[in-house]
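Report on the structure given below.
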Amino acid sequence: MNNFSYYNPTRILFGKDAIAKISRYIPKDAKVLMLYGGGSIKRTGIYEQVKQALDGFTVLEFAGIEPNPDYATLMKAVQIVRDEKVDFLLAVGGGSVIDGTKFIALAAAFDQGEAWDIIKTDAARELTQAVPFGTVLTIPGTGSEMNYNLVISRRETGEKLSIKHEAIFPRFSALDPQVSYSLSAKQIRNGLVDAFMHVMEQYITYPIGAVVQDRLSESLMQSLIEVAPRAMRMDPPDYTARANFMWAAAMGLNTLVGRGVPQDWTTHMIGHELTALYGLAHAESLATVVPWLLWYKREQKGDKIVQLGMRVFGLISDDREALIEATIDALAAWFNSLGMPTTLTAYGIDPDEAAEAVAKRFDDRGWALGENADIHGSDAAAILRLSR
Ligand code: NZQ
Ligand code: ZN
């Protein structure tokens, strides 16, 4: 096991009354900016619940943070934070609103030039502080509610990029599984796949004797597979299944299972490009990549693929090659059972064209991804060409 440091200061308020409790964790004299997306929270009643919880606080609002939050939108909120001297942010939404809020929290404290430099250069390292914020999660999946990552897009240039920064852990996150009742089956499916993929990308590399991390990862993946059919139920929704899904998603990317182990975020990095280029939803993009990545890297990742097959999918075989193939098939079959396609062609995207476009972007940035830093543009292209 590699050396590691683990830090996670986010308070989790979990359960049916979580939203009502948030006011305890916001400074009483704070000027609060509540940030949300395109309005789903008004239809679902979450907006009212949050407003009630904030009774007595000075609250401003910023609406319209879009899925795959856009830099230009976020900069408008940064201006409000500065002009109004806001001192606490409250994100009410999914990964997009939370990531957008994380960026706003950093950008409002950044005065060294264009805020995009926080993403594109090492400028974020200079920042030691961000505006404090909490979150009310409305869609489980990304894990953003309990981590220090953000992913934002810039429509103007067709980019989608991520950073990590310790100043952007939420102070608290309210996780009420009931907020998921208004999600469609497709949204639940996307969240299940995204959460599963976060665990996979911290797991499917090579064995390093990290028994605790491996068993935790396997238990999270098994939990997601176990609760998925009930979590997908709509009428009536199953509280217990949604609660387990919500908690597994937060645990999946609070970075615990990834401490001290090699990681491979290639699927996410290729997926981000597919979202930027073709508008695929985040989880959809991942499912079109991962089976093909595993196949392409089956020799290097073989030991962990076999371990995944045996421990998570319950497969048995003395034939290692057959087991590797069966594991990749089982993963794709699980995605398909949720109604999630695993090829680019299912979306009418030409794999050869996507391969060329993504390879160029990887090469332009000089990226070498994977646990051995050996996935370059040409490898990303080879993976995408298989996705048919
Ligand atoms: O905008 P509104 O009207 O609120 O509608 C949203 C949005 O259209 C809707 N929605 C949210 N809660 C709802 C609801 N609809 C009905 N009922 C509710 N309770 O759902 C739509 C999608 O929301 P979004 O926040 O975009 O979804 P998600 O949570 O999947 O977030 C995706 C973003 O997170 C990033 C992705 O790249 C993407 O930009 N990720 C962030 C990560 C992180 N910070 O650690 C890791 C992930 O790998 C991921 O990359
Ligand atoms: Zn993800």
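Taking the condition assigned to a loop (DSSP other than H, G, I, E, B) and in contact (Cβ under 8 Å) with a residue 24 or more places away in the chain, does E156 pass? Judged against the criteria, E156 is a match.
Only helices (runs of 4 or more DSSP H) whose full extent lies in region 278-388 are considered here, and the ones with at least 2 residues that are under 20 Å from the mean Cα position of the chain (by Cα) are 282-287, 290-296, 320-337.
When region 271-293 is filtered for residues that are among the hydrophobic types (A, V, I, L, M, F, W, C) and either within 12 Å of ligand 2 (Cβ to nearest atom) or surrounded by fewer than 24 Cβ atoms within 10 Å (Cβ to Cβ) (or both), the ones remaining, listed by number, are A276, L277, L280, A281, A283, L286, A287, V289, V290. Checked against (1) crowded, with 21+ Cβ neighbours inside 10 Å; (2) within 29 Å of G158 (Cβ to Cβ), A243 meets all criteria but (2).
Here is a yes/no grid of residues against (1) over 28 Å from W247 (Cβ atoms); (2) charged (D, E, K, R):
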| site | (1), (2) |
| --- | --- |
| G37 | no, no |
| A53 | no, no |
| G56 | yes, no |
| E61 | yes, yes |
| E84 | yes, yes |
| L106 | no, no |
| A124 | yes, no |
| T128 | yes, no |
| T135 | no, no |
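Condition check ((1) over 20 Å from N254 (Cα atoms); (2) surrounded by fewer than 16 Cβ atoms within 10 Å (Cβ to Cβ); (3) away from ligand 2 (no atom under 16 Å from the Cβ); (4) free of Cβ contacts under 8 Å to residues at least 24 places away in the same chain) across all residues:
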{"position": "S96", "(1), (2), (3), (4)": "no, no, no, no"}
{"position": "A107", "(1), (2), (3), (4)": "yes, no, yes, no"}
{"position": "D117", "(1), (2), (3), (4)": "yes, yes, yes, yes"}
{"position": "A124", "(1), (2), (3), (4)": "yes, no, yes, no"}
{"position": "G134", "(1), (2), (3), (4)": "no, no, yes, no"}
{"position": "T142", "(1), (2), (3), (4)": "no, no, no, no"}
{"position": "E145", "(1), (2), (3), (4)": "no, no, no, no"}
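The residues on offer are L308, L286, L277, L294, and the sole one that is within 15 Å of ligand 1 (Cβ to nearest atom), out of contact with any Cys (no Cβ under 9 Å at 6 or more places or on another chain) and either without any contact (Cβ under 8 Å) to a residue 12 or more places away in the chain or farther than 26 Å from T138 by Cα (or both) is L277. Residues that are assigned to a loop (DSSP other than H, G, I, E, B) and touching a residue at least 60 places away in the same chain (Cβ under 8 Å) were ranked within region 22-34; the one that is nearest to ligand 2 (Cβ to nearest atom) is I26. Taking region 189-242, which residues are in contact (Cβ under 8 Å) with a residue 40 or more places away in the chain, assigned to a loop (DSSP other than H, G, I, E, B), over 14 Å from the mean Cα position of the chain (by Cα) and within 16 Å of ligand 1 (Cβ to nearest atom)? Correct list: Y203, I204, M232, M234, P237. Just one of the listed residues (S223, S144, S173) is polar (S, T, N, Q), assigned by TED's automatic domain parsing to the domain that holds G309 and modelled with pLDDT of 95 or more, namely S223. Being surrounded by fewer than 17 Cβ atoms within 10 Å (Cβ to Cβ), over 23 Å from I163 (Cβ atoms), more than 10 Å from ligand 1 (Cβ to nearest atom) and among the basic types (K, R) is a description that applies to K85. Among residues of region 358-388 being among the small types (G, A, S) and crowded, with 19+ Cβ neighbours inside 10 Å, the one that is nearest to W292 (Cα to Cα) is S387.
Just so you know, in region 336-357 the residues that are among the hydroxyl-bearing types (S, T, Y) and within 14 Å of V290 (Cβ to Cβ) include one that is surrounded by the fewest Cβ atoms within 10 Å (Cβ to Cβ), and it is T343. Taken together, A241, A195 contain a single residue that is away from ligand 2 (no atom under 14 Å from the Cβ) and assigned by TED's automatic domain parsing to the domain that holds Q300, which is A241. Within region 14-39, restricting attention to residues that are in contact with a Ser or Thr (Cβ under 7 Å, 6 or more places away or on another chain) and buried (at least 17 other Cβ atoms within 10 Å of the Cβ), the residue that is farthest from S184 (Cα to Cα) is V32.
The values are calculated or read from the model by the stated rules, or taken from the named source; none is laboratory data. Computed from a predicted structure; not experimentally measured. Counting neighbours? That spans all protein chains shown, and the Cβs are built from the backbone with ideal geometry, glycine included.
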